[in-house]
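What follows is one structure encoded as C-alpha cells, with my remarks underneath.
Coordinate-derived values only; no laboratory data. Small disclaimer: the values here were computed from a predicted structure and weren't measured. No Cβ is skipped: glycine too gets one built from the backbone with ideal geometry, and neighbour counts run over all protein chains shown.
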Amino acid sequence: MSRRVRRKVAKKGKEKLLLPSYPELIVDENDDDFIHSILPINPTSISDIPTKNHPRSDVVDWTTLPDDTVIQLFSLLNYRDRASLSSSCKIWRNLGYTPCLWESLDLRAHHCDATTAFSLSSRCSNLRRLRFLGAESADAIIHLKARNLRDISGDYCRKMTDATLSVIAARHEMLESLQLGPDFCERISSDAIRAVAICCPKLRKLRLSGVREIDSDSINALAKNCVNLCDIGFTDCLKVDETALGNMGSLRFLSVAGTSNLKWGLVSHLWSKLPNLIGLDVSRTDVSPTAISRMTFSCQSLRVLCALNCANVEEDSTFVTSSNGGSKGKLLLSLISDIFKGVGSLFADISIKGKNVFLDWRDTKRNDKKLDDIMIWLEWVLSYSLLRIAESNPQGLDNFWVSQGATLLLSLMQSSQEDVQERAATGLATFVVIDDENTSIDGQRAEAVMRGGGVQLLLNLASSWREGLQAESAKAIANLSVNANVAKAVADEGGITILANLARSMNRLVAEEAAGGLWNLSVGEEHKGAIAEAGGVKALVDLIFKWSTGGDGVLERAAGALANLAADDKCSMEVALAGGVHALVMLARNCKFEGVQEQAARALANLAAHGDSNSNNSAVGQEAGALEALVQLTRSPHEGVRQEAAGALWNLSFDDRNREAIASAGGVEALVALAQSCLNASPGLQERAAGALWGLSVSEAN
C-alpha cells in the first residue's frame, strides 16, 4: 500500500485597501525608529536608511506635507491604519483627531464594548453616521456620546432588546435614519418603536427586519411624531397593522417584503389613498394580482411596484405583461419581467436603457431629485430581495439568474450606497451555491458572472480600503472559484496576490474570507505555485497563530488551504519553512472544532506524504505532541476527523523513527479499536485504518 494524498475544497454555508491592514505601530519621537517615518528615496541597502546619527540629505520628510494632504491620506485608510499612522508623530496624531475624519464610523469588524466606546468618545462629537454589529455593540453606542448622530445602521441584531433600542433613541434625538437588519430583530417589539417615534421626531427613514409584530399604536405614534418620515421598511415581519400604515400620509417609499399575514384587500383599499406614495415593495409575499391591479389603478402617485418572487403574481405571465403595458406609466417589477427594460422606462432619455441602466443613471448628471430618490430606493429593495431569494434558493429560477439576476447583482455592486454594494456581493456569493454540504456551485450561474466582468469587479472591490466590501467580495471570489474556469480567470487577473494580501488583514472577517478563496484556488495544481510565490503560504500559517482563539471559520479555511498546498512537494517545503508543522500540530492538539481538526490532520497527512523527496515526514513526527494528538483524533466522534488522523498516521508510519513513537503513544491500540469500529463506515476510513496498521506492522516484521 502507498501513501495517500487527499484534496478537498472549502465548505460553504449560508453564513450567516489597496494595502492590507497592519498591527498598530507606536513609536517615540525620541527613538531612532521614529526617523523611519521619513523615508529615503530608493534606498539601495540598509546603510542607506537614515538614522539620527547618520542622516541623509536625499529624503522625503513626510511630516512637512500640508495638513490638507495628510487629512486626505487619512481619509483613504481604515480605522486601524489611521491609528497606526497617527502614532508616528505628534503632528499626525493631532491631525488624526480632525473632526471631518470622524463623521462616519464603522464598528462592525471590531469588538466594541462600553470601554472601547468610551475611549472613542473624545473623537465622536461630530459623528453623523454609525454602523455596528451585534447586541453588545448596540449596548455600547451610548458611551460614544455622539449626540449629533443622524444615521444608525445595525447588522445582526437578533439579541438586541427593547431597552437597548429605547435608550439609543432617547440619547440621539437628532436621528434621521435607523436601519436594523438583515438578521431578524426577534426581541424588538412595538414598545421600542413607539419610543423611537417619541424620541426621534426628525426621523426620515426607518427600516426594521424580522420584528414579530408592529401594532397600530406604534405606527400611529410614528405618524404623529415623525412628520418627515418618508421611507419605511418593515421586512420579513410576522404581522404589521395595515390600517395604521394607511395613516402614514408622509410616506413616499414603503417595503413590506417577506412580511406575512397581510390582508391584501385592506392593503389595496387603504394604501392606494396614500397621497405621496411613489414606491411600494411587496416582494416575497402572497400578494394577489387583484390587489396589485387595484394599487396600480387607484394610487395616483405610485410609480414603481416591486413584486419579486411573488408566486401568485408570477404564475400569470400575461398579467405581468399587461400590467406594465397599460398601467398609466406605472412600473411593475417581477422575476418574469425584464427588470432592466422596466427601470429604463422611468427615464425620458431613451439612451438610458438596457443592462447598463443603473450605470448610465449614476454617470448622468440631471436635476431630477424625485427620479434619483426612486433609483436609490430601487437599488436598496432589489439588493435586499435578491439576497433573500438567493438564500432560500427556490426551484425554477435558473433562467432568471443567468439571464438577468447575475447582471443585476453586478450592477448593484457598483452602487454608491455601501450597504447595497455589500449586500449585492453577498448575494453573488450565495446565489451560485446549489449544495452547501458538498460545496457545489451552478456552473452556468458562475460563468454568467464571469461573462459580465464580475471577476475583475470583485477583485477591484476586494482591493478597496473598506473592510466590509473586502470581506464580502473575497467571499464571492472564494465561492465562484470552485468553478475551474472562474478560478483561472481569478488567477489571470491577479486575484491570488490580492487574496494573499487580504489574508494578512488584521480584520478577522476579511482574513477568513481571503483564506477561503486561497483554499478553493489551491485545489488547482496550476495555482499552488502562484499562491506560494505571492506569500500565501506564510500568510496562512500566520493566520493560525494570529487567530488561534478566533473561532473555527478562519482556522478551518487556513488549515484547509495549507492541506491542499502540502499535497505539492515544493509547496510542502514552503509550509514547513513557514512554521506550518508547528501551527498545524497546535491546531490538532488544542482546537475543539471538528472542521479544524479534520483539516489540520489532512494537512499533516499531506506533509508526511513526501517522505521520499523531503524531510517533512520526520519533521511532523518529531514535532512535540504531534503523534499523540493524531492518535487522540482517531477516537473523535466525527468520521472525517478519524479518517484524516488515520491517514496521517499511515503516512508517518513509513518513517522508521515514527513507528515506535506511534506505538508508544498508544497508536496500535487506537487503530485496532478504530478498525473494529468502522466496519460499517466509509471505504476511505476503513482503508486508512487498515493502512496505518499495516504500516506499523512493518516494524514488527523487520
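Placing +1 on the Cβ of every Lys and Arg and -1 on the Cβ of every Asp and Glu, with no other charges, gives the chain a dipole of roughly 1840 debye about its Cα centre. From the alpha carbon centroid of region 254-318 to that of region 86-152 is 40 Å. Amide H to amide H, with H built 1.01 Å from N, Gly210 comes under 5 Å of Cys185, Thr235, Asp236, Cys237, counting only residues 5 or more places away or on other chains. Counting 0.36 nm for each residue step from Asp398 to Ser322 and taking away their Cα separation leaves a gain of 25.0 nm. Along the Cα-to-Cβ line of Ala484, 7 Å from the Cα, sits a label point; which residues in region 433-459 have backbone N less than 14 Å from it? Only 443 pass the distance filter. In the frame of its principal axes, region 557-702 has Cα extents of 38, 36, 25 Å, reported largest first.
For Ile441, the residues whose amide H sits under 5 Å from its own are Ile434, ignoring neighbours fewer than 5 places away on the same chain, with H placed 1.01 Å from N. Note on Ala348 and Ser664: the model spin-label points, each 7 Å out from Cα along the C-beta direction, lie 8.9 nm apart. The packing ranking of peptides 654-663, 171-180, 65-74, highest mean first, is 171-180, 654-663, 65-74, where packing means the average number of other beta carbon atoms within 10 angstrom of each residue. Peptides 394-400, 510-516 ranked from most to least packed, by the mean per-residue count of other Cβ atoms within 10 Å: 510-516, 394-400. Where the alpha-carbon atoms of the chain are placed on the principal axes, they occupy 92, 73, 50 Å, in descending order.
Subtracting the Cα-Cα distance of Ser216 and Ser697 from their residue separation scaled by 0.36 nm leaves 165.5 nm. Taking every C-alpha pair closer than 8 Å and separated by at least 6 residues, the mean separation divided by the residue count of region 442-531 gives a relative contact order of 29 percent.
Descending by average beta-carbon neighbour count within 10 Å, the peptides 423-430, 115-122 line up as 423-430, 115-122, the highest first.
Would you mind calculating the relative contact order of region 508-660 from Cα pairs under 8 angstrom and at least 6 residues apart, reporting the percent as a whole number? Relative CO of region 508-660 lands at 20 percent. Size of region 127-230 from its Cα atoms: along the principal axes, largest to smallest, the extents are 30, 28, 20 Å. What is the sum of charges around Ala474, taking Lys and Arg as +1, Asp and Glu as -1, for the other residues whose C-beta is under 9 Å from the C-beta of Ala474? With Lys, Arg at +1 and Asp, Glu at -1, the neighbours total -2.
Hull volume per residue, based on the alpha-carbon atoms of region 602-668 and their convex hull, is 67 Å³. In this simple spin-label model, placing a label point 7 Å from the Cα along the Cα-to-Cβ direction at both Glu525 and Asp338 gives a separation of 4.7 nm.
Please tell me which of these pairs span more than 25 angstrom C-alpha to C-alpha: Lys273/Lys330; Lys205/Lys341; Lys330/Lys353; Lys341/Lys488? Too far apart for the 25 Å limit: Lys205/Lys341; Lys341/Lys488. Listed by chain and number, the aspartates and glutamates whose C-alpha is less than 19 Å from the C-alpha of Lys145, apart from same-chain residues fewer than 8 away, are Glu103, Asp106, Asp113, Glu136, Glu173, Glu176.
If R0 equals 30 Å, the separation of the Cβ atoms of Leu679 and Asp436 corresponds to a calculated FRET efficiency of about 0.50.
Subtracting the Cα-Cα distance of Arg129 and Asp372 from 0.36 nm times their residue separation leaves 85.3 nm of extension gain.
Helix-only mean residue ellipticity at 222 nm, the chain, DSSP H runs n ≥ 4 weighted -39,500 (n - 2.57), per residue, nearest 500. What is it?
Counting only the DSSP helices, I get -15000 deg cm²/dmol.
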